[in-house]
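*Asks:* Could you have a look at this structure, given as structure tokens, before my questions?
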Amino acid sequence: MTYPLDKFKNEIISQLKKILSEYECEIRLEISPEGMGDFAFPCFSLAPLVKKSPNDIAESLADKIEKSKWIAKAEANGGYVNFFVDDEYLISSTLRSIFEMKEKYGHLQKKNKKVIIEHTSANPNGPLHVGRARNPIIGDTLVRIFKAAGYDVESQFYLDDMGKQVAILAWGLNNLDSKNVPKSEYDKPDHQNVGFYQAANELMEKDEKVAEEIGEIVKRSEHGESKTIELIHKAYALVLEGINKSLHRINIQIDKYIPESTFVRDKSVEQVINKLKKTKYCHEEDGAFYLDLESFGIQGRNTKFFFLRKDGTTLYATRDVAYHQWKAKHADLLINVLGEDHKLESRQVEIALKLLGTKISPRVLFYAFVSLPGGKMSTRRARVVYLDELLDECIERAYREVEKRRGSELSEGEMKKIAEMVGIGSLRYNIIKVQPEKDIVFRWEEALNFEGNAVPFIQYAHARACSILSKIKDEKRDFDSNTLKHDSEVKLMKQLARFPLFIEDASSGYKPHIIANYLYETASKFNQFYRDCPVLSEKNTMLGKSRITLVDATRIVLNNALELLGISAPEEM
RNA sequence: GGGCGUGUGGCCUAGCAUGGAUAUGGCACUGGCCUUCUAAGCCAGGGGUCGCGGGUUCGAAUCCCGCCACGUCCGCCA
């Protein structure tokens, strides 16, 4: 599908190409600053080719641009050519596009490409905590954005069912008396069981015998001993169920859980090892094998990437290589969302994949941890805020806000419903609105701020639109684009027209926070329209109808964009 | 010691890939707007050496070099 602004853009580009056909240059348009036009063409890079000043070039280009149904005018300004779209034509074609496509408006052409997005992949030894909360939220938002961008998307949770962490949990569950284990006030199985992990971990650090027993569990599971595998499976299954419930609460659905053991069982790890051993970078040390990665630009104290222990068992990264080979066979594009602590491991896997001739390397999004004002969170040391706790607090705070404002009008049930949407939305929005690489220090006051650039602002705009629409009986949406002349109307319309461009940018640049910014801008422009343009009391019937249509179009776009972030759009709040 | 990332008004943040038009917005602060579609809103105002120092360029928040601070990693852990 081609959206109105794409058509406008294409026409500008084709005209510029014709005019500039004698020069070798790439034609790239920017969005003009507000009030200066719709798209801008910078002429600076052309200056040395044409041997004229950017401003002169811009002026002569502006002169040569022909007006059309799309292009209302072209104007030179400070080395740029600013293109003005024909407002009336853009408004009518955008409104038609929105009502034609409804909940699909903004979505891009099907690409017939499969993407596997791996995210969360948390050790199933305890509940999800806020330190890593960015992972599922960034991951799920990417899933939604890539679906909208026309990809066939599958989300995967790589399940560590072989390592030390689950072995510690299994040992704890089987050897500790629940009396000696700290209790959780939460009913959920992940919270109920994490104490066993914490207590066992503490013992292991003090007592060598315990450490040995746990090491034994790891070894036996890797050798495929079914009793041990069963023991581990039973231990983490409950925790995983709890994790899954937490994810559901924040509107996240994982398509597939892929256990690490899969690749040991089907011998693909063994093949990886055999092939890696044959490369010229492979060396042996004390019976263990490693790749020397120095020539790949890996620096530091140790450039050795061990992939096989001297006891013949594999390592996490080795199994990860096998997993990625498998993924590469089933997709055209791989995306991983990982904590920044995985940077080196990820690089090792990437190099190994190259050595093995794997066609696709994953595109990895690293995120910085969320820390507490005093430092880093740790499940092991029980110095954490769990995701469930944060969520409860968000919802409770939201409830108090709703009650304060609407307590006299709404029932408790209605308020609870709204609080749920606002609380969960707040968490997702606050996390997604900043770039993943930025450190976040978690402070309750900031996380639960409900004013300004925060999710209630956006949801409130949506609710306002719904409130207006609920007062109208006529379901038919009629408009005359000629009547929508007010500055606030035109700015809002153009913002709605730009939605597909933002989906394109967010997906091609792997930048989910772009959608959050877009939503904020859209809600803000709607609020300005709301201030300037009465809808229900408008006497001129055609203008009134057109405004109703614009309100409905805004509602659709806000709803679609919120959907991309996995945030509910309340009809009332 | 080395690698990677981050550093933008008191606090948070956009822009950095592809150098270019007055550095984006929010919180907090000051003042104004509810007899009109929900004031979780709107308008106005003050507040900036874009970490520091060099360089490239007609032009640098953006590119290059050096330094500083914070985060993260440098296990036959995951």
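The values are calculated or read from the model by the stated rules, or taken from the named source; none is laboratory data. What you see is a predicted model; the values in this text were computed from it and never measured. Every residue, glycine among them, receives a Cβ derived from its backbone with ideal geometry; neighbour counts consider all protein chains shown.
*Asks:* Out of all the residues in region A:55-74, which are assigned to a helix (DSSP H, G or I) and either away from RNA strand B (no atom under 16 Å from the Cβ) or more than 16 Å from A:Ile27 (Cβ to Cβ) (or both)?
*Replies:* A:Asn55, A:Asp56, A:Glu59, A:Ser60, A:Asp63, A:Lys64
*Asks:* If I ask for residues that are within 20 Å of A:Phe8 (Cα to Cα), assigned to a helix (DSSP H, G or I) and more than 31 Å from the chain's Cα centre (by Cα), which ones from region A:479-504 would you list?
*Replies:* The answer is A:Ser481, A:Asn482.
*Asks:* Let me ask something additional. Being within 30 Å of A:Leu142 (Cβ to Cβ) and part of a loop (DSSP other than H, G, I, E, B) narrows it down to one residue among A:Gln253, A:Gln299; which is it?
*Replies:* Selected residue: A:Gln253, the only one of A:Gln253, A:Gln299 that is within 30 Å of A:Leu142 (Cβ to Cβ) and part of a loop (DSSP other than H, G, I, E, B).
*Asks:* Can you confirm whether A:Val434 is farther than 19 Å from A:Gly139 by Cα and of a type in the set (Val, Ile, Thr)?
*Replies:* No.
*Asks:* Taking interchain pairs and intrachain pairs at least six residues apart, which have beta carbon atoms under 8 angstrom, with the first residue in region A:12-39 and farther than 21 Å from A:Phe502 by Cα and assigned by TED's automatic domain parsing to the domain that holds A:Ala497 and the second among the hydroxyl-bearing types (Ser, Thr, Tyr) and assigned to a loop (DSSP other than H, G, I, E, B)?
*Replies:* Here the result reads none, with nothing in region A:12-39 linked to a residue that is among the hydroxyl-bearing types (Ser, Thr, Tyr) and assigned to a loop (DSSP other than H, G, I, E, B).
*Asks:* Out of the residues in region A:75-107 that are within 16 Å of RNA strand B (Cβ to nearest atom) and in contact (Cβ under 8 Å) with a residue 40 or more places away in the chain, which is surrounded by the fewest Cβ atoms within 10 Å (Cβ to Cβ)?
*Replies:* A:Asn77
*Asks:* While we're on this one: What are the pairs with Cβ atoms under 8 angstrom where one residue, in region A:442-454, is in the same structural domain as A:Met421 (by TED's automatic domain parsing) and the other, located anywhere, is of a type in the set (Phe, Trp, Tyr)? Sequence gap at least six, or different chains.
*Replies:* Close Cβ pairs (under 8 Å, with a partner that is of a type in the set (Phe, Trp, Tyr)) amount to A:Glu451/A:Phe457; A:Asn453/A:Tyr520; A:Ala454/A:Tyr429.
*Asks:* Among (1) modelled with pLDDT of 95 or more; (2) of a type outside the set (Val, Ile, Thr); (3) within 26 Å of A:His107 (Cβ to Cβ), there is one condition A:Arg477 misses while meeting the rest; what is its number?
*Replies:* Of the numbered conditions (1) modelled with pLDDT of 95 or more; (2) of a type outside the set (Val, Ile, Thr); (3) within 26 Å of A:His107 (Cβ to Cβ), the odd one out for A:Arg477 is (1).
*Asks:* A:Ala569 fails exactly one of the following numbered conditions: (1) within 16 Å of A:Leu469 (Cα to Cα); (2) modelled with pLDDT under 95. What is the number of that condition?
*Replies:* All conditions pass for A:Ala569, except number (2).
*Asks:* Same structure, new question: May I ask you to say which residue of A:Asn540, A:Asn559 is surrounded by fewer than 22 Cβ atoms within 10 Å (Cβ to Cβ), polar (S, T, N, Q) and touching a His at 6+ places or on another chain (Cβ under 9 Å)?
*Replies:* On the way: A:Asn540 fails: touching a His at 6+ places or on another chain (Cβ under 9 Å).
Going through A:Asn540, A:Asn559 in turn, just one is surrounded by fewer than 22 Cβ atoms within 10 Å (Cβ to Cβ), polar (S, T, N, Q) and touching a His at 6+ places or on another chain (Cβ under 9 Å): A:Asn559.
*Asks:* Taking region A:28-54 as the search range and keeping residues that are in a loop (DSSP other than H, G, I, E, B) and surrounded by 15 or more Cβ atoms within 10 Å (Cβ to Cβ), which one is farthest from RNA strand B (Cβ to nearest atom)?
*Replies:* Initial filter on region A:28-54 (in a loop (DSSP other than H, G, I, E, B)): A:28-29, A:32-38, A:43, A:51-53.
Okay, now just the ones that are also surrounded by 15 or more Cβ atoms within 10 Å (Cβ to Cβ), so A:29, A:32, A:37-38, A:43, A:52.
Working: A:Leu29: 9, A:Ser32: 4, A:Gly37: 6, A:Asp38: 10, A:Cys43: 8, A:Lys52: 12 Å.
Checked region A:28-54; the qualifying residue farthest from RNA strand B (Cβ to nearest atom) is A:Lys52.
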